[in-house]
Amino acid sequence: MQNKGKYYITTAIAYTSGKPHIGNNYEIVLADSIARYKRKDGYDVFFQTGTDEHGQKIELKAAEAGVTPKEFVDKIAGVIQGLCDMLDISYDKFIRTTDGFHEKQVQKIFRRLYEQGDIYKGAYEGLYCTPCESFWTESQLVDGKCPDCGREVKPAKEEAYFFKMSKYADRLIDHINKHPEFIQPVSRKNEMMNNFLLPGLQDLCVSRTSFQWGIPVDFDDKHVVYVWLDALTNYITGIGYDADGNSTEQFKKLWPADLHLIGKDIIRFHTIYWPIFLMALGEELPHQIFGHPWLLQNNDKMSKSKGNIMYADDLAEIFGVDAVRYFVLHEMPFENDGSITWDLMVERLNSDLANTLGNLVNRTISMSNQYFGGVVTDKGVAEAVDEDLKKVVTGTYDKVEAKMDGLRVADALTEIFNLFKRCNKYIDETQPWVLVKDEAKRDRLATVLYNLVESISIGAGLLEPFMPNTAARIMKQLNSDIRDFDSTKTFGVYVSGTKVTDTPEILFARLKPKEIDEKVEEIAKKQQAEAGGGNPQKNDTSVINNDGSDNTVMDMEPKEEITYEDFAKMQFQIGEIISCEAVPKSKKLLCSQVKIGSQVKQIVSGIKAHYTPEEMVGKKVMVLVNLKPAKLAGVMSEGMLLCAEDADGRLALMTAEKPMPSGAEIQ
């Protein structure tokens, strides 16, 4: 593979306020797959990641934990780097913003921008969000809360230094217009242009005085540098940038970055603030900034308050590292949010990994051993069906390359698994178990098995950037080296006469959902114990009375207050369930026909684990009637049945205390 030049890729550095969940780790796995792919494709890759360790939020967290901020971030940074290593991340540099060389350069950058007139001293009065460490005006709030994280903001006023953002705004707009690839996907670019740049940029607060855990402004030590100016500059300080003009050869070689890979929630900082900082420093802008979507837990954002967090190490313990890598890469669309659940993980492992890939490798090696003592030989006895197999297999690299050029990693993985699916189809077409019965077709049988081993070798070579351990395990069993990309475009490279392993290894064992449910329950208990016990969202205090009745009480996390007008928009009525059936191919859903007055509505509910269809019929239940219809598992639902849920997740349908007619209004 020819040398295609340098490729500098970065992730956003992880904030050290706590252990990252799998949604956070998705980004590092995505970046790693791109970095590995580019290395294999002939690029001189430098891959940087790390941790963001300053700010008020960390100062508060450390105080709560009874440790110094440095002790706090040292521990969390170790956890974050440990997760990177566990996930087989091939980073070249792991930077920490508490590294001495970084702190020194941030001070020099701040001084330089001040001395050249881009930073000035003033005072800030506004609404401050502590988790985001951002000031907002009243007009920027969404429903009175932080537009980035949705949390409460508080009035704050303090002396601060400001950066003259508007000075460079027109230049940045021009750059974005002339470089359509600069911000990806296009929807992110449109958001930044229409919501921030075109309406006009306000000057940015770049220092704080209300806390101490930050890099001091060296000419005004009661100020610390704003955390985003500190964090963003890691992309240049980590490769040897010097604000005095004495940057290293590594910096001169690697900058500008080829790709900044970040989450969509911090796109504004990277596509507006960061380019403007670079313009002020006289440096080139990165070639591309990709704001990837979020990985959600069952279509809901992961958070401790919701009790729905999934961690990479827990997932890897159950499914294996490469299975976790496959899932997060395969399930994330290019632009829209993806979803992860324990059930979906089991389904993907059993269907894609255990069946499509694992069973293919196992069958091929087993047949080679059974029919030829493990020796794989190309006898050259070809038939027409072979040509289509070879065309698909040798054409896969070009398809994968096109997808990777567009950062469509999930689609690239799909192309590779299409190769493996074609191999499975080839087995059905050629039927080796039939060929072996005819001695005259022995050479044809040998050729069929050679074609399969060669195809698997090519597929493993393409799979390596995404699932490196799995690719290595496959080729070890085939007693051959991992293929480079050039050789994946040519059929017949596998050395005829090579002997495969005597006993094929099971790459991915099929899993039983019930066994996983038990493990998930153990993980949930462990997380609750670490959090201090109990459900993170609901506090359930059970008291058993002398007569055996349950006097349980539950405290819920309060939601935002609503007005009577808000409540009046919702229409609640009594409905009678006249029929009910399970939704096909769904483990959770029941579909009920509910009579409400003279109408019958179809309502889909996730209560299959708590009620049988037979139990549902005849119940008079409380129904939210005017909920906008939506499809669930392909079935239209025209309302919602009201249920209560206890801390253990048990559901109970809400029914009327006294006999009430179908259609009676609930007020």
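The values are calculated or read from the model by the stated rules, or taken from the named source; none is laboratory data. Predicted model, so just to flag it, every value in this text is computed and none were measured. In this analysis, Cβ positions are derived from the backbone assuming ideal geometry, glycine residues included, and neighbour counts consider all displayed protein chains.
Find all pairs meeting these conditions: Cβ atoms under 6 angstrom apart; at least six residues apart or on different chains; first residue within segment 283-305 and closer than 30 Å to Ile239 by Cβ; second residue of a type in the set (Val, Ile, Thr).
Matching pairs, first to second residue: Ile289/Ile183; Ile289/Thr271; Gly291/Ile262; Gly291/Ile267; Leu295/Ile340.
Taking into account only those residues within segment 582-612 that are among the charged types (D, E, K, R) and either under 21 Å from Asn626 (Cα atoms) or surrounded by 14 or more Cβ atoms within 10 Å (Cβ to Cβ) (or both), which is modelled with the lowest pLDDT?
Per the stated criteria, the residue is Lys588.
Name the residues in segment 180-213 that are free of Cβ contacts under 8 Å to residues at least 24 places away in the same chain and either closer than 20 Å to Tyr273 by Cβ or in contact with a Gly (Cβ under 8 Å, 6 or more places away or on another chain) (or both), would you?
Across segment 180-213, the qualifying residues are Asn190, Met193, Asn194, Asn195, Pro199.
Test Gly618 against the criterion of being of a type outside the set (Lys, Arg) and either closer than 19 Å to Lys587 by Cβ or surrounded by 15 or more Cβ atoms within 10 Å (Cβ to Cβ) (or both), and give yes or no.
no
Filter segment 241-265 down to residues that are assigned to a loop (DSSP other than H, G, I, E, B) and either closer than 16 Å to Asp44 by Cα or in contact with a Lys or Arg (Cβ under 8 Å, 6 or more places away or on another chain) (or both), then give me how many there are.
Result for segment 241-265: 7.
Scan segment 379-399 residue by residue and report those that are over 30 Å from Tyr37 (Cα atoms) and either touching a residue at least 12 places away in the same chain (Cβ under 8 Å) or in contact with a Cys (Cβ under 6 Å, 6 or more places away or on another chain) (or both). Don't jump to the end; show me each part of the working.
Taking segment 379-399 first, the residues over 30 Å from Tyr37 (Cα atoms) are 379-385.
The answer is Lys379, Gly380, Val381, Ala382, Glu383, Val385.
Regarding Tyr161, is this residue in contact with a strand residue (DSSP E or B) (Cβ under 9 Å, 6 or more places away or on another chain), among the hydroxyl-bearing types (Ser, Thr, Tyr) and farther than 30 Å from Glu335 by Cα?
Answer is yes for this residue.
Considering (1) buried (at least 24 other Cβ atoms within 10 Å of the Cβ); (2) under 23 Å from the mean Cα position of the chain (by Cα); (3) more than 21 Å from His292 (Cα to Cα), say which one Ile22 fails and leave the rest.
(3)
Show the residue pairs meeting these rules: Cβ distance below 7 Å; 6+ apart or different chains; first residue within segment 623-641 and over 22 Å from Thr655 (Cα atoms); second residue hydrophobic (A, V, I, L, M, F, W, C) and in a strand (DSSP E or B).
Pro629/Met636; Leu632/Val604; Val635/Cys591; Val635/Val604
So which of Leu463, Leu445 is in contact (Cβ under 8 Å) with a residue 60 or more places away in the chain, surrounded by 17 or more Cβ atoms within 10 Å (Cβ to Cβ) and in contact with a helix residue (DSSP H, G or I) (Cβ under 6 Å, 6 or more places away or on another chain)?
Result: Leu445 is the single residue among Leu463, Leu445 that is in contact (Cβ under 8 Å) with a residue 60 or more places away in the chain, surrounded by 17 or more Cβ atoms within 10 Å (Cβ to Cβ) and in contact with a helix residue (DSSP H, G or I) (Cβ under 6 Å, 6 or more places away or on another chain).
I'd like to know if segment 420-437 contains one or more residues that are within 22 Å of Leu30 (Cβ to Cβ) and out of contact with any strand residue (DSSP E or B) (no Cβ under 9 Å at 6 or more places or on another chain).
There is at least one residue in segment 420-437 that is within 22 Å of Leu30 (Cβ to Cβ) and out of contact with any strand residue (DSSP E or B) (no Cβ under 9 Å at 6 or more places or on another chain).
Counting only residues that are crowded, with 16+ Cβ neighbours inside 10 Å and aromatic (Phe, Trp, Tyr), which one in segment 408-442 is farthest from Asp398 (Cα to Cα)?
Per the criteria, the residue is Tyr426.
Of the conditions (1) part of a helix (DSSP H, G or I); (2) surrounded by 17 or more Cβ atoms within 10 Å (Cβ to Cβ); (3) modelled with pLDDT of 95 or more, Arg188 clears all except one; give me its number.
(3)
Out of curiosity, is Lys391 charged (D, E, K, R) and in contact with a helix residue (DSSP H, G or I) (Cβ under 9 Å, 6 or more places away or on another chain)? Spell out the reasoning first.
Details: charged (D, E, K, R): yes; in contact with a helix residue (DSSP H, G or I) (Cβ under 9 Å, 6 or more places away or on another chain): no.
When the stated conditions are applied, Lys391 does not pass them.
Do the conditions hold for Gly50, that is, is it under 28 Å from the mean Cα position of the chain (by Cα), at pLDDT 95 or above and surrounded by fewer than 17 Cβ atoms within 10 Å (Cβ to Cβ)?
Details: under 28 Å from the mean Cα position of the chain (by Cα): yes; at pLDDT 95 or above: yes; surrounded by fewer than 17 Cβ atoms within 10 Å (Cβ to Cβ): no.
Answer is no for this residue.
Among the numbered criteria (1) more than 25 Å from Asp88 (Cβ to Cβ); (2) part of a loop (DSSP other than H, G, I, E, B); (3) in contact with a helix residue (DSSP H, G or I) (Cβ under 9 Å, 6 or more places away or on another chain); (4) not aliphatic (A, V, I, L, M), which single criterion is violated by Arg363?
The failed condition is (2).
Considering only segment 345-358, how many residues are touching a helix residue (DSSP H, G or I) at 6+ places or on another chain (Cβ under 8 Å) and either surrounded by fewer than 20 Cβ atoms within 10 Å (Cβ to Cβ) or among the β-branched types (Val, Ile, Thr) (or both)?
3
If you check every pair at least six apart or on different chains, which have Cβ atoms under 7 Å apart with a residue in segment 575-593 that is hydroxyl-bearing (Ser, Thr, Tyr) first and a residue that is buried (at least 18 other Cβ atoms within 10 Å of the Cβ) second?
Filtered contacts from segment 575-593: Ser592/Ile577; Ser592/Cys580; Ser592/Ile603; Ser592/Ser605; Ser592/Met616.
Just give me the residues in segment 154-185 being of a type in the set (Gly, Ala, Ser) and crowded, with 17+ Cβ neighbours inside 10 Å, in sequence order.
Listed by number, the residues that qualify are Ala160, Ala169.
Take the residues in segment 320-344 that are more than 18 Å from Ile309 (Cβ to Cβ) and charged (D, E, K, R); name whichever of them is surrounded by the fewest Cβ atoms within 10 Å (Cβ to Cβ).
Step by step, filter segment 320-344, then rank; the result is Glu335.
Check whether at least one residue in segment 131-153 is closer than 30 Å to Tyr241 by Cα, in contact (Cβ under 8 Å) with a residue 12 or more places away in the chain and surrounded by fewer than 20 Cβ atoms within 10 Å (Cβ to Cβ), and report yes or no.
Yes, that holds for at least one residue.
Please work out which residue is surrounded by the fewest Cβ atoms within 10 Å (Cβ to Cβ), limiting yourself to segment 65-102 and to residues that are among the basic types (Lys, Arg) and in a helix (DSSP H, G or I). Walk me through how you get there before you give the answer.
We begin by selecting, within segment 65-102, every residue among the basic types (Lys, Arg); these are 70, 75, 93, 96.
Okay, now just the ones that are also in a helix (DSSP H, G or I), so 70, 75.
Values: Lys70: 13, Lys75: 15.
Among those residues, the one meeting the criterion is Lys70.
Among the residues of segment 276-287, is any of a type in the set (A, V, I, L, M) and either within 17 Å of the chain's Cα centre (by Cα) or more than 17 Å from Arg171 (Cα to Cα) (or both)?
So far as segment 276-287 goes, no, none of its residues is of a type in the set (A, V, I, L, M) and either within 17 Å of the chain's Cα centre (by Cα) or more than 17 Å from Arg171 (Cα to Cα) (or both).
Please find, within segment 10-54, the residue that is nearest to Tyr226 (Cα to Cα) out of those that are in a loop (DSSP other than H, G, I, E, B) and touching a strand residue (DSSP E or B) at 6+ places or on another chain (Cβ under 8 Å). Explain how you work it out, then say what you get.
The initial filter retains those residues of segment 10-54 that are in a loop (DSSP other than H, G, I, E, B), namely 12-13, 16-21, 41-43, 53-54.
Now narrow it down to the ones that are touching a strand residue (DSSP E or B) at 6+ places or on another chain (Cβ under 8 Å): 12-13, 16, 20, 43, 53-54.
Numbers: Ala12: 17, Ile13: 16, Thr16: 16, Pro20: 23, Tyr43: 35, Glu53: 12, His54: 9 Å.
Ranking the candidates gives His54 first.
Going by the structure shown, is Ala531 of a type in the set (A, V, I, L, M, F, W, C), under 26 Å from the mean Cα position of the chain (by Cα), at pLDDT 80 or above and farther than 30 Å from Gly42 by Cα?
In short, no.
Can you confirm whether Ala316 is part of a helix (DSSP H, G or I), among the small types (Gly, Ala, Ser) and either farther than 30 Å from Arg422 by Cα or touching a residue at least 60 places away in the same chain (Cβ under 8 Å) (or both)?
Working: part of a helix (DSSP H, G or I): yes; among the small types (Gly, Ala, Ser): yes; either farther than 30 Å from Arg422 by Cα or touching a residue at least 60 places away in the same chain (Cβ under 8 Å) (or both): yes.
Yes.
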